[in-house]
Amino acid sequence: MSAAQLIQIPLTTSISGDTEPWSKLIKLLRAADSNIGTTWSPQEEDSKTAGVAANWTSFEEYQTWTKTNKYKTVTSLIKSVSSGEIYNNVVVFPKNAGPSLGAPTIELVSWIYEVSKLTNEQKKKIEVGFANFQAPLSKTSEAAGGLVGGWSQNDFNHDGITSGRFTALIGWKSVESHYACKKTKPFLDNIHWLMENDHSEPVEMVHYAYSSSE
């Protein structure tokens, strides 16, 4: 089990691994106790947005980190490079998200649910559905790094409604591989497991090459 903080930041200017204050905030995350990997990259769909994936040994350790002065510094640095609303999604995964985050390309995808209507029975159905989708997709030639899915720990406002996310990290060899896989039998035969759970529209989906980070 691990907890990943997935951040998407619309940037005020272009950045690289040695750009300050970007370099400082990445180093602070990587040096934090119980951080087991922090990677970042520009978003494939919009290079003016940067994505950070900070992986923690547990959600409890992440919460401990949020009480430190260094966390406050990182939060301030993120705001200083942002030109707009920051996406912050902290997800608990049933296994270490590291292998998926190490894939050449990651599909970051979330299904949104109204919190007040989300029952334990529905959550279990969603988890089982993802597992049924996960098994055949992980064996396709286009996949790389595996698939993990879990529940967001921070609710958010979606069209005026308090909502939560079920978020997946799906590893691919490339963005093109992802779209090629969508035409294959394993994908077409199993995508219904993800689409039959009364989620809100639209589904959130973007790609990052986290493993290329400096």
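The values are calculated or read from the model by the stated rules, or taken from the named source; none is laboratory data. Since this is a predicted model, take the numbers as computed values, not measurements. Methodologically, a virtual Cβ is constructed for each residue, glycine included, from the backbone with ideal geometry; neighbour enumeration extends over all protein chains shown.
General remarks:
- Selected residue (criterion: surrounded by the fewest Cβ atoms within 10 Å (Cβ to Cβ)) from residues of region 79-120 that are basic (Lys, Arg) and modelled with pLDDT under 95: Lys117
- Condition check for Ala131: closer than 23 Å to Ile36 by Cα and either surrounded by 12 or more Cβ atoms within 10 Å (Cβ to Cβ) or of a type in the set (Asp, Glu) (or both): no
- So Ser76, is it assigned to a strand (DSSP E or B), at pLDDT 95 or above and either assigned by TED's automatic domain parsing to the domain that holds Ala143 or surrounded by fewer than 17 Cβ atoms within 10 Å (Cβ to Cβ) (or both): no
- All conditions in (1) surrounded by 18 or more Cβ atoms within 10 Å (Cβ to Cβ); (2) at pLDDT 95 or above hold for Asn190, with the sole exception of (1).
- Of the residues making up region 104-148, those that are small (Gly, Ala, Ser) and either more than 23 Å from Ser41 (Cβ to Cβ) or not assigned by TED's automatic domain parsing to the domain that holds His199 (or both) are Ser116, Gly129, Ala131, Ala135, Ser141.
- Selection status of Asp198, under 17 Å from the mean Cα position of the chain (by Cα) and of a type in the set (D, E, K, R): no
- Which listed residue is more than 17 Å from the chain's Cα centre (by Cα), surrounded by 15 or more Cβ atoms within 10 Å (Cβ to Cβ) and farther than 23 Å from Thr105 by Cβ, from Trp65, Trp22: Trp65
- Looking only at region 5-55, residues that are of a type in the set (S, T, N, Q) and touching a helix residue (DSSP H, G or I) at 6+ places or on another chain (Cβ under 8 Å) come to 10 in all.
- Taking region 26-57 as the range and being farther than 25 Å from Ser174 by Cβ and surrounded by fewer than 23 Cβ atoms within 10 Å (Cβ to Cβ) as the test, the residues that pass are Lys27, Leu28, Arg30, Ala31, Ala32, Asp33, Ser34, Asn35, Ile36, Thr57.
- Tally, over region 165-180, of residues that are under 17 Å from the mean Cα position of the chain (by Cα) and small (Gly, Ala, Ser): 3
- Test: residue in region 173-182 that is of a type in the set (Phe, Trp, Tyr) and under 30 Å from Thr66 (Cα atoms): no
- Residues of region 5-23 satisfying the condition of being among the β-branched types (Val, Ile, Thr) and under 25 Å from Gln63 (Cα atoms): Ile7, Ile9
- Screening region 168-186 for residues that are in a helix (DSSP H, G or I) and touching a His at 6+ places or on another chain (Cβ under 9 Å) and picking the one that is surrounded by the fewest Cβ atoms within 10 Å (Cβ to Cβ) gives Val175.
- Residue check for Ser80: hydroxyl-bearing (Ser, Thr, Tyr) and over 19 Å from the mean Cα position of the chain (by Cα): yes
- The residues of region 43-73 that are under 21 Å from Tyr208 (Cα atoms) and either in contact with a Ser or Thr (Cβ under 7 Å, 6 or more places away or on another chain) or among the hydrophobic types (A, V, I, L, M, F, W, C) (or both), listed by number, are Gln43, Ala50, Gly51, Val52, Ala53, Ala54, Asn55, Trp56.
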